[in-house]
Every structure is written in structure tokens, then in C-alpha cells.
1. Please give the FRET efficiency for B:Asp834 paired with B:Glu941, using the beta carbon to beta carbon distance and R0 = 60 Å, rounded to the nearest 0.05.
2. Run down the aspartates and glutamates and flag those whose C-alpha is under 20 Å from the C-alpha of B:Lys889, throwing out any fewer than 8 positions away in its chain.
3. On a 0 to 90° scale, report how tilted helix B:832-843 is relative to the longest principal axis of chain B, with both axes built from alpha carbons and the result rounded to the nearest 10.
4. Across the Cα atoms of the protein assembly as shown, what radius of gyration and what greatest pairwise Cα-Cα distance (Dmax) are found, in Å?
5. Counting alpha carbon pairs within less than 8 Å and at least 6 residues apart, what relative contact order, in whole percent, applies to chain B?
6. For chain B, what value does the Rg/Rh ratio take when both radii are computed over Cα atoms and Rh is the Kirkwood radius, given to two decimals?
7. Provide, for q = 0.10, 0.12 Å⁻¹, the log10 of I(q)/I(0) from a solvent-free Debye sum over equal Cα point scatterers in region B:669-859.
8. What translational diffusion coefficient, to the nearest whole µm²/s, does region B:766-884 have by Stokes-Einstein, given a Kirkwood radius computed over alpha-carbon pairs, a temperature of 20 °C and 1.002 mPa s viscosity?
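Each reported figure results from applying straightforward, stated rules to the coordinates on display, with no laboratory input. All figures in this text were calculated on a predicted structure; none of them were measured in a lab. Reconstructed Cβ throughout: ideal geometry from the backbone, glycine too, with neighbour counts over all protein chains shown.
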Amino acid sequence: MFIINCPYCGERDQTEFSCGGEAHIERPKQPTELSDDQWAEYLFMRKNIKGVQFERWNHAHGCRKWFNMVRDTSNDKIQAVYKMGEKPPIK
Amino acid sequence: MSKNLRINKNNFIDQTTRISFKFNGQKLFGYKGDTLASALLANNIHLVGRSFKYHRPRGIMTCGSEEPNAIVQIGNDPSLTDPNVRATEIELYEGLDASSQNCWPSVNFDIGGINNFLSPLLPAGFYYKTFMWPASFWEKYEYFIRHSAGLGKAPTKSDPDIYDHQYSHCDVLVVGGGISGIISAKLSAEKGLDTILIDDKSFLGGSTIYQENECYKINSINSNKWLANEIESLKNYPNLIIKNRTSLAAFHGYNYLLARESLTDHLSVNERKGKVRQRLWKIRAKKVIIASGSIERPLIFSNNDRPGIILSSSIKKYIDYYGVKTGENISLFTNNDSAYETAISLYKSGVKVNVIVDIRKNSESLIVKKALELGLKVLWESTVVDTQGYKRIKSFEVMKLSDDGNNVVGDRSKYNCDCLGISGGWTPMVHLFTQSGGKLKFRNDDNAFIPDENKTPSNQISVGSCNGEFKLNEIVVNTIENLKSFLSLSNSCYDEIKIICPDEKSKRNIWLLPSDKPIGKTKPFLDFQNDSTAKDVKLALREGFKSIEHVKRYTTTGMGTDQGKLSNMHALGIIADTTGTNMGELGTTTFRPPYTPLTFGAIVGRNVGEFFDHTRKTAIHNWHVKNKAEFENVGQWKRPWYFPKNGENMHQAVQRESKAARDSSGILDASTLGKIDIQGSDASEFLNRIYTNAWSKLEIGKCRYGLMLNEDGMVYDDGVTTRLGENHYIMTTTTGGAANVLSKLEDYLQTEWPELDVYLTTVTDQYSTISICGPNSKKILAKIVPGLDLSDNNFPHMSFKNTKISNVNCRIMRISFTGEHSYEINIQSNYAEDVWIKCMEAGKEFNLTPYGTETMHLLRAEKGFIITGQDTDGTLTPSDLQMDWIIGKKKFDFIGKRSLYRSDTIREDRKQLVGLLTEDPKEIFEEGAQLVENINKKPIEMLGHVTSSYFSPNLNKSIALAVVKSGKKLKGKKLIVPMENKNINVTITDTVFYDKENKRLNA
Ligand SMILES: [Zn+2]
């Protein structure tokens, strides 16, 4: 079970957080302009890789803030946490 | 049969405190400090159970958690009995009542033993191969398998014991109280670190503490004396917590560990009352030191499973620690030096080992020399090829090994015995290391998997024999050196340490010992608990299994409650030998938590009964209880379901409540609906984006119904939102959806639209909601808020007023979920019960009738209003619900809008919400029932299902809502609802059954 460094609260137990799936998928600004395929790409397609993955997390039982996290899913090492809207500190 | 095999000199067992216990009904005695196993052995009882498949007699084989055979059932009280307890671990207490498992009718006469003679018919994969055809026979097979498998019996009544959970944070956790664990704990505590030392035994010191042997010295005194002094010195550290009888169950990532502390299992039943039985520790440690030790390997030869065949190191512990002779005519069989330590211990206690069979050509080690000086007879370069004796070993036969060790030569010679100690070398206990994510490397020198220091997760270290160090000087010196860097120590109290110990030089390992008989005629057991043999593994390989994980499952090797602690290495070794692979390339099987079995009690702790989940009660709950409401669980909420009067059943109560609400007035506690306070200059824009309809033009003081979709276009939640001010709204959600809706809204606000100035606050608990409906609701409200103008002009449907009831501010919304003229009073929760009682008093003359969720559901179904989660299931669009009117088609965007015209969502044959009327108005069908058109054409096509179904007292007929393929086009169509014993004829109708013109809203 991880210890997650919430950018607002500091280190807390994983049980306080919930994961919101892949990060940096922006909601299209003009959905009506999209074809069915383009909309489906946004709506359904998510990566699930073994290795470094960018994820959205929510400090659900804490400050309730959403933030982003870079996690290596092969060893669960958390490489970075950063606020929503910020650029990922690593590639 | 009852013989006393106890010797009289002993430091560890309190021979002044006699303890009586029962085994299989027989009354026996032991001493304080005994385990059940040591007490049984002292009474000359070896036979404790029958094996899993062949029902062969099996005896105590070890003295620890790796025990495969001595698994017993404790007690027979239906709520307290404990199955699958290892006799080698349970401490003896007054009144302990244990019995053998896996034997029927008794351990001495076992009917399943016939399987032993049928064993040629029971090869690897027997169960898979045999119990396959025909499928209809499975029920019979299952009975047979369960009966003969016969593991322990689970208690049949609930567990009265108390269990606890506790969190703990520390700088350093040391797992294991052997010599390396003791040194680690002392170094850590000496540095001033908050340290926890846990050990699963009742005493510290591991196997060193009873090693009374001049060959092993530390700082010129015997190693056991030195260690006893060290343990004593641990008392001086207030920052060191020592937990005995605590076994580590799991080692998760980020140094999160679970350990189970047994607090009363060693006490007599009378001493346990009121005490916590077991505590599960949830430990977060900055650093973890694993000092979990190693276990001895058995040797694999034919009939190596007879009672009386025991691991050599266990024989040593029984004699040195418990003062118990495991036999009177003991021989040993070994491939390494440690059996000689056992021989010396036995000699000192007056038991002269008959012969030592050693597969090695010789050994020059000091310990072997000592044994030879005592006159012990060693048969070098020899192997045991067979044993005799049914319920107890009587003799064994020895042959000379060929030079390469692949064959036996010469003749068999037979030796009588009543106990044979076996020693196949040592396996480091790397379970915890691998659980934590560490990777192993293979050491060819002694065929051991040991932690790979380059693939060890950070902030942990393995020390001592679990790290593959077996010689005393290596254990001590390496532990100290490794810890100095691990804990950043510049020097240590052990820097001047001097160690003397024997050095084992001669090594030889043969996984499957050769025999003069073909393997098919031998029974070399690998996994004693699951009864799999070397033969089975070879058969699996012949049948094409290659991966160790597959061989393991096919042969069931390593699948027992001991997780193959004794068998895994040999299974791997035999696979490697047979396939010509290096063991290091084969890899090991995965070790999964728990390391030793956990009780369910320890896992759930105090979270049982009413503590299993939170219970949420409304502020008016006590009134509902006093007025005999029946309750329904809605999520965590307790909601009044109906209020039965004078012995009414549910149907009668609901019919009465429903009629009263429409004839005069009804009152509902609607406090559980989610309430979200929305403020900010962009609040209107925010609502525009999350609801399907338009919000900007809603006047202050007005209410509007909204439908919320998921991004995929499916209906997610609904409710009425009221505009309280220019930038202030209050939203209601469904009871079950409240928390998720808030999270979803927060998600959009924080991640997609951070530019919006909007603040969300849940106020579900802060406000209670009392709903009064019916033609007389206005008159009742007038009595409660006499100053408020309730005319339709001033206070029309879908509007709200701020007012006061007895000087307390409240909001009253004129909204309706029943189709009746109705009001919802929202008031601070601490006043809610008073206001409810006021309403009841004011409503007395109008037969104001409290109703629950069931009547609420019935009344709204009469009006065709949906309940999200009942009539919807996440696959219905607004259009499917015939609610196209609520889609703001001109709106630029809202959540889910784009999905509403995907090729799939515009299909005309989607399931759509319709009303149903039965041919016979008295006929009510079950919710969930299927709708079909033609029952003769097979397979019958399912067109849809019933989502809501009631008998309406106001219409005096059965009504229902359903989702049906192309339902919108099928109005008037006759369909069939096939039930278990009849078919019900129905007609598809409009979804609104009552007051289609909505006249009653303003009545
Ligand atoms: Zn936080």
C-alpha cells in the first residue's frame, strides 16, 4: 500500500485516495465538431501499461483535491506528484 | 502405549506445572511451555492424522509453522472450534481438547485408507482426469471429494471472541527474534530508533537459545549463554517494543506490514474471558529488517512419510528445548553437518543414535569429529531406500550410493528404529522478502534461493539465515556489518566480537534419492500435506507441463495450508534434474500472503455486526422508531419503508398510505436526498454544463427539475435544483447518488473547468426535508406558517420561499414527486423532529398520514416518474426514457450531449421506457420479469423487462413500468410476461397512469 504525497496535505496512506484513471486526457472543447470515432477515442480509449504511467488521483478522504501522479506500475514507485494544470515534471 | 519420554533436566519447560489436555478423547498430561506436539511426543504419540489423498497415517514432522501433517481441530464448541491449527505451534493450556482432522471414523482406523492400496489409480491430475464426465455427475463427485478431503470443520455459530486492529508507526521493524534479529533490534535501539521486534514464538532466541554446544562460542562463552545475556540487555531500551506470539502475515509495498498477535490462545478457557483474542497490527515502518530464519529440508526417498520420520533439527529442538525424546531407537539420515548437532544433543540427553546415514563421502568438520569421538556410527556415501511400519516407522533399509550418486549399489541392509531424523539442508525463508517485491537469485553452492541485494526494495534488508547465511560467524559478523550501513552506524557495541564455530566444507545434494526399484514402484513423498510424490511431478513433466506454476497446480504440490514450505525446493530440483535445466532459470513459485493462515476474526477485527458499516439515520429517526416504522436500507441510510398499523402487512399499509396521500394528505421524511449548495458567479453556467436543460434564465426563487448524464449519454442522476439567489443554488440528488454526484461535479470543476468560479458544499446532513403532499397539504402548511401567502399567485408550483417556523429560518419548496399539490420544508436538522411533530399535530384533522419509501415509489409510478437506479441502469438515454423534452437541443454543450447522437444511441430499436397494464387488473408481476412476444418460437426472444410494478389503490388496478425494445413505437401492443407457473398478458401503454393533465398539482 503506497504512501502518497498529496501536493496539498503531504504524505498520507493510500486508503485516503482514489484513482481516477489516465491523466492528461482533455475533454474536447467542441464535442459537436467531432466524428463518432473521434468522440469514442476520447470517451473510451485508455492506456493500461506496465511501466511509467500518468494518473489522476483524488485525495477523497482528505482535502478532496484532484492531482496528477507519475507511477511506475511495474514496481509501484511514485516518481512525481503535481497539481492539476501543471506540466508533468518528467517525460 | 502410554510411555513417558520426558527427560528431567531442562531450562525451558516448567516441569512443576502439570497441564492436562485431551487428544482424540484420550486424557493426557504435559507441562507449561509445551506445544501440543511436544506434549504428544512426550506421551509417545506420533500418529496425528491421515494424508489428504491416500489417507496414509502421518505423524508430527517438524516443530514449527512449516508442519504439513500435525493439523488439528481445537475444541468442538460450535462457535469456538478452530480448524487447521498446527499442533507444533499451539501452546498447551489446561483443558485443551484437540482432535485429528482428515480421518474417518478415527485416526487408527480410516476408511479412506483404501485409497492407499488404490494409489496406482490416483496419479497426478487424478481429480482433473476422473471427475470430468458427465457433467451431471458432478454433484455426486463433489460429495465424495468433500467427504474424503475432510479438512477441518468450520464453526457453525458466530464467533464470540473479541479481535482488534491497531496501527503502528516505527523507525525500524525487526521480524524474527533469532540471533540475527536480536542483534538487529539491539543495534537499532542503541542508535535511539523507535524499534519493534516481533517473533511468533512465546520466547526469544530462535534455534541458538537452546544450542548448548562447546563447538559454538561467542566472546569465549557458549553461543546460547551469550544470546541469553543479549536478550536480557534488551530490557534497557525504552524505545524498543518486543512482541512475542506475533507472526508476520504480509509484507506489502512501501513497508506496510500486517502482523497477528495472539493474546489469549495460550491461556486456559477461564483466563480468556473479556480479553482480546488476537490483534492485527498494521505497521508502517521506515525500515524493515527481515530475520525470518530458515527451515530444514526433508529428504525424498520411498516411504519417507511414515509417523516417526521427523526433521533432524526438530528432533534436536524437542530434546534440547522441550526435553522430549522423539523415540528410544533413533537413527539419522542426512546430506549435511547439522544432523551431527542433533546426534550430540541426543547423546548428552542419554539417547545414543543408532546409525547416521550420510550421502556424502565424508566430512572433516569439527562437529562431525566430535560426533565420531562419541562413538557414533556413520554410514558414509549411503542412502535410505525404503522404510517399514504402518502407524509408526519400525525399520529402514540402506544401500550404498554409486560414485556419481545416480544409482545404488550392493545389497540392502536393514536397521530397526522407532524414529528416523532426516536432514536435507536448509532453505532460507524468503517469503516475506518476495512478498515485498524483492527478487531472488540462485546459489548453486547449496542450491538455495537467496535475496538478490541488487533487486531488494529500498529501506529493507534481510539478515541471518533468511539471507542465506548459515554459519554462526557469518550470521553474526555479516548482520553487524550490513546493519552498520543500513542504519548508518559508525561503530557498534559488537565491534570486538569473537566467534568460534565449526566449518562445513563437504556438500552433496540429491533431490530425489536413487532406489534399487523403478520409480513406479516407490512412494517418495514431496508434499506431505497434499500427498504428491516425486512420481507425480515426473508424470506431469511427461504429460507436457513445463512451467513450475502449472506443475504445482496439476500435482497440487505446494498447494496446502503450509504453502509448500517443505516441498517447493524439491519439486523445483526434480523438475530441473528431469528436464536438464538449471534451477536458477526455472525460478520459484510466487509466495502470497498470508505467510501463515490468519483467522477471519483477526482480519475483520471490530468491524462486525453494527460496526460492519456506517449507519446513517435522519434527524427524525427516533419518531419513526416510536411510530413503529419498518425500515429499509438505502445505501447507508435507514429509511422508513412503511408504517404498519394494527397488524397490517406491507401491502395493506402501503395501500392505505397511498390512498390517504391522494385523498387528503401524506407526510414523508425526505432528508436522505442529497443536497449540494452551489455558489459562485459562474454557478448558472456550471449547471448549464452538467444538466441537459437550460438554467441561465431560471428566475431567483424558482425550482427546476434536472437530468444529469454521464459523458456516454446515459442517465446518471436527477433531482430538483432551486435558485436561491443570483449566484446561489441548492441542488438535490438521489439518496444513493449523493456522494458520487458531488465527486463527479468536483472532478469537472477542478480538472476540466478550473476557470469557473463555483463552490460546492454538501449540506445533506445539515438540512432535513419534510415533504407534505395531498389536496389538504396547503391547509396544513397554512397552520404552521400562518403569515405566508400560499396562493398560487404568490407561491406557485416550482417555486420556493424563505420563511420561519417558530422563529427558525427554513426554506419551503413547492415541488412534487407524487403529482399532488405538495411542499418540502427544509430546516436545520436539529429542529427537524420538532417541526415534523408540529406538522403531525396540524395535520391531525386532515388524516395526515406518514408514509415511507414504498408508498413514495408507488405514488410516483402512478405518475410515471422515474427513479434513477430502479427504472434506469446506466444503459438508458433521456430519449430512451421518453424524456426528450428535457434535452436543451440549442445548448452548445453539456455532459453527455455528444453521445446522444452516436450511431448506437440513435438506434430506434433500443430499449425504451413504457407503461404496462395487465389484462387482469388484479394481476401483479414481479419486478425484473421478462417481456416476450411469442413463447412458441424458440429460442424465445427477450424484448425487455419490468422495472417497477405496483397495485395502485387510487386506480384500483395493477400498473407497471418496463423497458422494451422499440417500446416507443409499440403503444397498444400486447405482450406476454412468462412467470414460473403462468403467462401474464399485458398491453403497452403510456408511462403516465394517473392525472395525465397534471390538474392535481394545483388542486
Ligand atoms: Zn490532500
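1. FRET efficiency, B:Asp834 to B:Glu941: 0.60.
2. Straight-distance partners of B:Lys889: A:Glu33, A:Asp36, B:Glu685, B:Glu711, B:Asp712, B:Asp717, B:Asp718, B:Asp880, B:Asp904, B:Glu908.
3. Helix B:832-843 sits roughly 40 degrees off the main axis of chain B.
4. 37.4, 115
5. Result for chain B is 9 percent.
6. Numbers: Rg = 38.0 Å, Rh = 34.3 Å.
With Rg and the Kirkwood Rh in hand, the quotient comes to 1.11.
7. The computed values of log10 I(q)/I(0) come out as -0.41, -0.59.
8. For the chosen part, D equals 137 µm²/s.
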